[in-house]
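All remarks here apply to the structure that follows.
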Amino acid sequence: MPDADFRKLYDTVFPILYRIALRIAGGAQAAEDLCQDAFLKICEKNMVFPSLDDAKFWLIRVVKNAALNYAKRKERERVVYQKAFYNESRVTRTGEEELVRKETAQEVNEALDALPKDMKVILVLTENGGLNYKEIGRILGISEDNVKIRVFRARKKLQSILEKQDGGIPCVRTNS
């Protein structure tokens, strides 16, 4: 494309492209970069168009698509940053909280080890394995109702062991 034709195209179409990119991308710098990239594509590929309108419509399509992609990428980045910022894993525990958590986990593991083997297995499959009752029934070759009964009994037995460890204080179940 001759320099004079390119200059005319640039002067005529750039303001339109800029407004489109600004509206979609939401930022002046991004809009300007997107428009410049579109014009660079014409130069790099030595593109020739039958008319000024054809070049204009091609550029509008290119800028529109690039701006939409830019906006999507920015939204994904915003969501990721927001998740990272509000992530609960960023909460730090005090030394006392960490000690209590470790001691509690140790007590539960000791109580779990004190259970009969069949009760221990059923609790490990439900609590640690994350399996549902139907899946556990298939693994153990028993009915789903039988799994429910065994889980109930194993939890009761575990609770009684924990109460004995705590000197008769009833066990309170938490989600932490």
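The values are calculated or read from the model by the stated rules, or taken from the named source; none is laboratory data. Since the model is a prediction, treat every value here as computed from it, not as a measurement. Every residue, glycine among them, receives a Cβ derived from its backbone with ideal geometry; neighbour counts consider all protein chains shown.
Filtering the range 126-150 to residues that are farther than 21 Å from LEU112 by Cα and of a type in the set (D, E, K, R) leaves LYS134, GLU135, ARG138, GLU144, ASP145. Residues in the range 12-55 that are more than 32 Å from the chain's Cα centre (by Cα) and β-branched (Val, Ile, Thr): THR12, VAL13, ILE16, ILE42, VAL48.
Checking the stated criteria, ALA21 turns out to be touching a residue at least 40 places away in the same chain (Cβ under 8 Å), aliphatic (A, V, I, L, M), closer than 27 Å to ALA71 by Cβ and out of contact with any Lys or Arg (no Cβ under 7 Å at 6 or more places or on another chain). Can TYR86 be described as closer than 30 Å to ALA30 by Cβ, free of Cβ contacts under 8 Å to residues at least 24 places away in the same chain, of a type outside the set (Asp, Glu) and surrounded by fewer than 10 Cβ atoms within 10 Å (Cβ to Cβ)? It is true that TYR86 is closer than 30 Å to ALA30 by Cβ, free of Cβ contacts under 8 Å to residues at least 24 places away in the same chain, of a type outside the set (Asp, Glu) and surrounded by fewer than 10 Cβ atoms within 10 Å (Cβ to Cβ). Taking the numbered list (1) in contact with a helix residue (DSSP H, G or I) (Cβ under 7 Å, 6 or more places away or on another chain); (2) closer than 30 Å to PRO2 by Cβ in turn, ALA28 passes all entries but (2). Filtered by the rule that a residue be surrounded by 14 or more Cβ atoms within 10 Å (Cβ to Cβ) and under 11 Å from VAL63 (Cα atoms), the range 14-27 gives PHE14, ILE16, LEU17, TYR18, ILE20, ALA21, LEU22, ILE24, ALA25. The sole residue among VAL124, VAL147 that is over 30 Å from GLN29 (Cα atoms), modelled with pLDDT of 90 or more and β-branched (Val, Ile, Thr) is VAL147. Taking helices (runs of 4 or more DSSP H) as the structural unit, those lying wholly within the range 13-125 and holding at least 2 residues that are of a type in the set (Gly, Ala, Ser), farther than 30 Å from ARG150 by Cα and not assigned by TED's automatic domain parsing to the domain that holds ILE136 correspond to 28-44, 52-86.
If I ask for residues that are out of contact with any helix residue (DSSP H, G or I) (no Cβ under 6 Å at 6 or more places or on another chain) and in a helix (DSSP H, G or I), which ones from the range 126-142 would you list? Residues satisfying the conditions are GLU127, ASN128, GLU135, ARG138, ILE139, LEU140. Applying a threshold of 6 Å to beta carbon distances and a minimum spacing of six or more residues, or different chains, the list of pairs starting in the range 102-126 at a residue that is within 10 Å of LYS157 (Cβ to Cβ) and touching a residue at least 40 places away in the same chain (Cβ under 8 Å) and ending at one that is in a helix (DSSP H, G or I) and among the β-branched types (Val, Ile, Thr) reads ALA111/ILE161; ALA114/ILE161.
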